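The values are calculated or read from the model by the stated rules, or taken from the named source; none is laboratory data. Every value quoted in this text rests on a predicted model; they were computed, and no experiment measured them. FYI the Cβ positions are ideal-geometry reconstructions off the backbone, even for glycines, and counts take in every protein chain you see.
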Amino acid sequence: MSRGSDAQDPALLRRLLRARDRIDAASHEQWPVARLARVSGVSPAHFARSFHRAFGAPPHRYLLTRRIEKATALLRDTELSITEIAFEAGWSSLGTFGRTFRDVTGQTPSALRLRAQAEADSLGRVPPCFLAAGRRPDLASAVSEKRRRASLATTSSSSDSREQR
Amino acid sequence: MSEGVQVAGVYVRDADEALAFYVDKLGFRVHTDVKNGDYRWLTVQHPEQASFQLGLFVPGPPTVDAATAQALKAAVAKGAMPPLVLVVDDCRASHARLAARGVEFTQEPVDRYGSVDASFRDPSGNGWKMVQARR
């Protein structure tokens, strides 16, 4: 962010954290910026800007990482169908879930499920929630951007230099 | 036991606020509270864990410079500090008791792998996982 080098007020950060905690507690719910801003007690415009600056991603993208994390955990740890998992994790369409999941993780939900079950049990001593957090996708850019880069990479390798930022 | 970890600390934004939280709400006891000018050595203890002290330290001069202190306070307020785990006998009962005292729970008790866990934060932003001991 280019909004100056002055630090964010810890009191504001603590209130932004409260909104992030609410996402964490119920990532399957809808979290429009206005709802999150109310949790933090700031205006929606201020919230979106401050959240991005504090946590390195806009609120909707942070929400997406938590939904992917939840879906991954359900794929790994339950026998729920992929359709059930899509809705449990907060998607309203199976198609969108499958496409987004593949864009973010690089594999389909069913492929991840097979692999996860094969490598199970070696990590039993780490508390499950921290284990899940460690597997959260690191979405440094928007999913649309990631998708665009992937398609560019397959169509033209000479575009790499243009893609650097 | 003569060897082991004796003190580990968390950064807090305000020592008195942290003291009230850990003692009045969580039920810890003050072990040491010594002031010397701006410096304060404050540790609390779980009532069932006499060999371990949890330090409650406000980052600031003279131990760290003002800019570093600001960065540390921001990191705490963003929930970026390392995980803390509190073991309890009955997670749901502890949750009910602490929630009634106004502890800010960020996750209600959840059954997981034969145990139950919940999450709360201290006023500064330090995140605690409260885990029911397996029986």
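Take the conditions surrounded by 13 or more Cβ atoms within 10 Å (Cβ to Cβ) and at pLDDT below 95 and apply them to residue B:64. Does it pass? It is true that residue B:64 is surrounded by 13 or more Cβ atoms within 10 Å (Cβ to Cβ) and at pLDDT below 95. When restricted to residues that are in a helix (DSSP H, G or I) and within 14 Å of another protein chain (Cβ to nearest Cβ), segment A:45-58 contains 6.
Residues that are more than 14 Å from residue A:41 (Cβ to Cβ) and part of a helix (DSSP H, G or I) within segment A:6-19 comprise just one, A:10. Among the residues of segment B:30-39, those that are surrounded by 12 or more Cβ atoms within 10 Å (Cβ to Cβ), modelled with pLDDT of 95 or more and not acidic (Asp, Glu) comprise B:30, B:31, B:32. Scanning segment A:79-103 for residues that are crowded, with 19+ Cβ neighbours inside 10 Å, in a helix (DSSP H, G or I) and either in contact (Cβ under 8 Å) with a residue 60 or more places away in the chain or among the basic types (Lys, Arg) (or both) turns up just one, A:89. Taking the criterion of being touching a strand residue (DSSP E or B) at 6+ places or on another chain (Cβ under 8 Å) and outside any strand (DSSP E or B), the residues of segment B:93-107 that qualify are B:94, B:95, B:98, B:99, B:103. Evaluated against (1) within 20 Å of residue A:21 (Cβ to Cβ); (2) in a strand (DSSP E or B); (3) more than 13 Å from every other protein chain (Cβ to nearest Cβ), residue B:110 falls short on exactly one condition, (3).
Of all residues in segment B:113-128, those satisfying the criterion of being crowded, with 20+ Cβ neighbours inside 10 Å, at the interface with chain A (Cβ under 10 Å from one of its Cβ atoms) and either closer than 21 Å to residue A:78 by Cβ or polar (S, T, N, Q) (or both) are B:117, B:119, B:124.
Say whether the condition of being part of a strand (DSSP E or B), at pLDDT 95 or above and within 11 Å of chain A (Cβ to nearest Cβ) is met by at least one residue in segment B:73-82. Looking for residues that are part of a strand (DSSP E or B), at pLDDT 95 or above and within 11 Å of chain A (Cβ to nearest Cβ), one finds none in segment B:73-82, hence no. Tallying residues that are within 11 Å of chain B (Cβ to nearest Cβ) and more than 22 Å from residue B:127 (Cβ to Cβ) within segment A:6-44 yields 1. Among the residues of segment A:28-54, just one is over 21 Å from residue A:68 (Cα atoms), surrounded by 14 or more Cβ atoms within 10 Å (Cβ to Cβ) and in contact with a Pro (Cβ under 6 Å, 6 or more places away or on another chain), namely A:37. Filtering segment B:13-37 to residues that are farther than 17 Å from residue B:102 by Cβ and assigned to a loop (DSSP other than H, G, I, E, B) leaves B:13, B:37.
All conditions in (1) buried (at least 17 other Cβ atoms within 10 Å of the Cβ); (2) more than 30 Å from residue A:14 (Cβ to Cβ) hold for residue A:106, with the sole exception of (1).
Yes/no matrix, rows are residues, columns are (1) in contact (Cβ under 8 Å) with a residue 60 or more places away in the chain; (2) of a type in the set (A, V, I, L, M):
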position: A:6; (1), (2): no, no
position: A:19; (1), (2): no, yes
position: A:22; (1), (2): no, no
position: A:26; (1), (2): no, yes
position: A:29; (1), (2): yes, no
position: A:52; (1), (2): no, no
position: A:77; (1), (2): no, no
